[in-house]
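For reference, the structure discussed in these notes is given below.
The values are calculated or read from the model by the stated rules, or taken from the named source; none is laboratory data. Computed from a prediction, not measured in an experiment: that's the story for all the values here. No Cβ is skipped: glycine too gets one built from the backbone with ideal geometry, and neighbour counts run over all protein chains shown. Ligands, DNA and RNA are excluded from the accessible area calculation, which covers all protein heavy atoms including side chains. Shrake-Rupley method; radii C 1.70, N 1.55, O 1.52, S 1.80 Å.
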Amino acid sequence: MQEVEYINVYGARVHNLKNIDAEIPRNSLTVITGLSGSGKSSLAFDTIFAEGQRRYIETFSAYARNFLGNLERPDVDKITGLSPVISIEQKTTNKNPRSTVGTTTEIYDYLRLLFARAGEAYSYLSGEKMVKYTEEQILELILRDYAGKKIHILSPLVRTRKGHYKELFEQVRKKGYLYVRIDGDIREVTPGMKLDRYKNHDIEVVIDKIVVSEKDYTRLKQSVATAMHQGDGLLMILDTTLVPRHYSKRLMDPITGLSYKEPAPHNFSFNSPKGACPRCRGLGVISQIDIEKLIPNRKLSIYEGAIAPLGKYRDTMIFWQIAALLDRHGVTLNTPVKDLTDDAIDEILYGLEDRIKVKSTLIGTSFNYFLTYEGVVKYIRILQEKESSTKEQKWAEQFAKTIVCPECKGMRLNEEALHFRIGNKNINELSNMDINELYDWLMQADGLMSETQKKIAAEILKEIRTR
Ligand SMILES: [Zn+2]
């Protein structure tokens with residue numbers, strides 16, 4: 001007969017456990033019973049399971065552990081006879097509206113890690129592959145591409161931002177630089193120089209003007225180093241074609257100069273502001289006012305209640321505003337909506353830029369009012385916001401419909417995240433695969449990856465494949 005094996009727990013003190021010992025037979029079903037609060041979960045989940053999980057994670061590669069973090073050892077003297085454990089969650093399932101079947105699994109976490117480490121970035125502006133260089137490589141590229149040419153070496157300081165930049169020019173002058181490039185034109189830096197503060201500007205400082213040749217290698221090297229320093233890892237080369245090229249230590253689009261931050265796993269998470277689509281905040285859908293619900297019957301006039309949320313005419317500000325607005329189109333509140341021009345309906349729904357004149361005769365006062373009018377849609381939108389009461393939100397909700405987010409097309413991530421690819425697939429395309437497809441893809445992913453990617457990805461792929 002086979003001897004019975006045990007899991008032995010010595011000195012468990014997690015939560016309210018009073019330094020207890022326990023002996024639990026292995027390979028059999030054990031039920032732990034007791035009063036509520038007596039420590040059943042503390043023993044089962046927080047001690048035995050926690051320790052098993054911790055030991056399991058310890059067997060992971062350094063890569064995965066780095067990502068998952070080390071688990072804390074539960075407060076217990078010793079547990080023997082433990083094998084890697086799985087636990088069935090005690091809690092009810094997570095009702096987070098962001099989770100879907102494809103994304104609740106840990107596989108998505110591994111994909112995020114894979115993309116952060118091995119994804120190739122493409123520019124969402126030009127579609128170009130993003131590149132980053134070391135200072136040495138930049139130097140080599142300049143020597144190769146601009147040999148014999150006269151170039152300006154520039155450090156970008158301001159990228160499409162408003163301001164007069166008086167202090168900036170003063171600093172540049174004090175550092176001893178004579179020229180700057182402002183909105184594409186090279187100009188001498190003069191004392192008290194400033195720009196139109198209400199306009200967007202691009203400003204670069206001219207670090208050096210040089211004819212590229214091997215004999216001036218030392219000077220070129222020095223200037224590149226200075227330019228990289230002044231430009232915070234970024235420089236531009238301008239030759240006689242006057243079309244600058246960008247070189248960067250960070251990921252950068254060589255055509256447009258668009259740069260991405262070094263990707264981390266959270267950049268690929270729609271639960272993180274770093275990765276989420278800014279329009280739908282990672283939900284993939286947005287709520288939009290449904291015009292059909294706002295104006296369900298176009299045969300009615302506004303006076304008769306054509307605009308559902310406003311109802312029939314009352315002596316209130318919004319009706320006066322709409323009356324004044326319609327007056328400019330030569331119609332009245334009694335005109336059926338179907339006879340209004342599209343422009344007039346647009347103004348009623350979305351408001352006007354300029355103030356409208358509410359005539360004294362309309363509201364029975366002795367002088368005219370000038371009012372801004374923001375439109376019925378905005379009015380309902382405000383009631384939809386979190387700051388409004390639940391009642392107001394519910395009321396506003398009846399005029400809304402849920403549509404797929406037009407910015408991310410329901411993919412929930414921001415443009416940057418969606419432009420990292422491995423073998424021509426972005427993370428969204430991979431997470432939409434079913435588990436078999438994904439497995440097949442991973443099995444042949446080696447062939448799609450560059451040597452560097454392969455090395456980085458190998459560890460993580462191993463983890464996924466063994467699942
Ligand atoms: Zn979106």
Problem set entry | Search result, residues across the range 188-245 that are on the phi > 0 side of the Ramachandran plot and among the hydrophobic types (A, V, I, L, M, F, W, C) | LEU242
For this session: Evaluate the range 435-451: report whether one residue or more is open to solvent by 80 Å² or more (accessible area, probe 1.4 Å), in a helix (DSSP H, G or I) and within 16 Å of the ligand (Cβ to nearest atom).
Result: no
Problem set entry | Checking TYR247 against (1) hydroxyl-bearing (Ser, Thr, Tyr); (2) closer than 28 Å to LEU141 by Cα; (3) open to solvent by 20 Å² or more (accessible area, probe 1.4 Å), the condition it does not meet | (3)
Seminar exercise, completed: So, first residue surrounded by 15 or more Cβ atoms within 10 Å (Cβ to Cβ) in the range 194-211, second residue aromatic (Phe, Trp, Tyr), Cβ within less than 6 Å, six or more apart or across chains; the pairs are LEU195/TYR165; VAL205/TYR177; VAL206/TYR179
Exercise. Got at least one residue in the range 257-267 being open to solvent by 10 Å² or more (accessible area, probe 1.4 Å), within 30 Å of GLN393 (Cβ to Cβ) and within 16 Å of the ligand (Cβ to nearest atom)?
Worked result: no
For this session: Kindly provide the set of residues from the range 399-417 that are open to solvent by 20 Å² or more (accessible area, probe 1.4 Å), in contact with a strand residue (DSSP E or B) (Cβ under 7 Å, 6 or more places away or on another chain) and outside any loop (DSSP other than H, G, I, E, B), ordered by number.
Result: LYS401, THR402, ILE403, VAL404
Problem set entry | Filter pass, LYS454 being of a type outside the set (S, T, N, Q), surrounded by fewer than 20 Cβ atoms within 10 Å (Cβ to Cβ) and within 12 Å of the ligand (Cβ to nearest atom) | no
Problem set entry | Pick from the range 410-430, criterion among the polar types (S, T, N, Q) and within 15 Å of the ligand (Cβ to nearest atom), ranking: farthest from TYR122 (Cα to Cα) | ASN428
Problem set entry | In the range 207-247, the residues that are more than 34 Å from the chain's Cα centre (by Cα) and within 20 Å of LYS175 (Cβ to Cβ) | ILE207, ASP208, LYS209, ILE210, ARG219, LEU220, LYS221, GLN222, SER223
For this session: Could you tell me whether GLU392 is more than 16 Å from the ligand (Cβ to nearest atom) and out of contact with any helix residue (DSSP H, G or I) (no Cβ under 8 Å at 6 or more places or on another chain)?
Result: no
Exercise. How many residues does the range 272-304 contain that are touching a residue at least 60 places away in the same chain (Cβ under 8 Å) and of a type outside the set (A, V, I, L, M, F, W, C)?
Worked result: 9
Exercise. Only one of ARG279, ARG298, ARG328 is of a type in the set (D, E, K, R), within 16 Å of the ligand (Cβ to nearest atom) and at pLDDT below 95; which?
Worked result: ARG279
Problem set entry | The lone exception for PHE169 - which of (1) in contact (Cβ under 8 Å) with a residue 40 or more places away in the chain; (2) not in a strand (DSSP E or B) it fails | (1)
Exercise. Looking at VAL211, VAL206, VAL224, which is the one that is more than 16 Å from the ligand (Cβ to nearest atom), of a type in the set (A, V, I, L, M), out of contact with any Lys or Arg (no Cβ under 7 Å at 6 or more places or on another chain) and closer than 28 Å to GLU136 by Cβ?
Worked result: VAL224
For this session: Inspect all residues belonging to the range 248-266 and state whether any of them is of a type in the set (Val, Ile, Thr), within 35 Å of the chain's Cα centre (by Cα) and not assigned by TED's automatic domain parsing to the domain that holds LEU157.
Result: yes
For this session: Give me a count of the residues in the range 128-167 that are touching a helix residue (DSSP H, G or I) at 6+ places or on another chain (Cβ under 8 Å) and among the polar types (S, T, N, Q).
Result: 1
Exercise. For the range 288-382, list the helices (runs of 4 or more DSSP H) that sit wholly inside it and hold at least 2 residues that are buried (at least 19 other Cβ atoms within 10 Å of the Cβ) and under 43 Å from the mean Cα position of the chain (by Cα); which are they?
Worked result: 317-328, 342-350
For this session: Select from the range 212-236 the residues that are farther than 21 Å from GLY176 by Cβ, surrounded by 13 or more Cβ atoms within 10 Å (Cβ to Cβ) and touching a Leu at 6+ places or on another chain (Cβ under 9 Å) and list them in ascending order.
Result: VAL212, SER213
Problem set entry | Conditions (1) within 16 Å of the ligand (Cβ to nearest atom); (2) at pLDDT 90 or above; number of the one not met by HIS201 | (1)
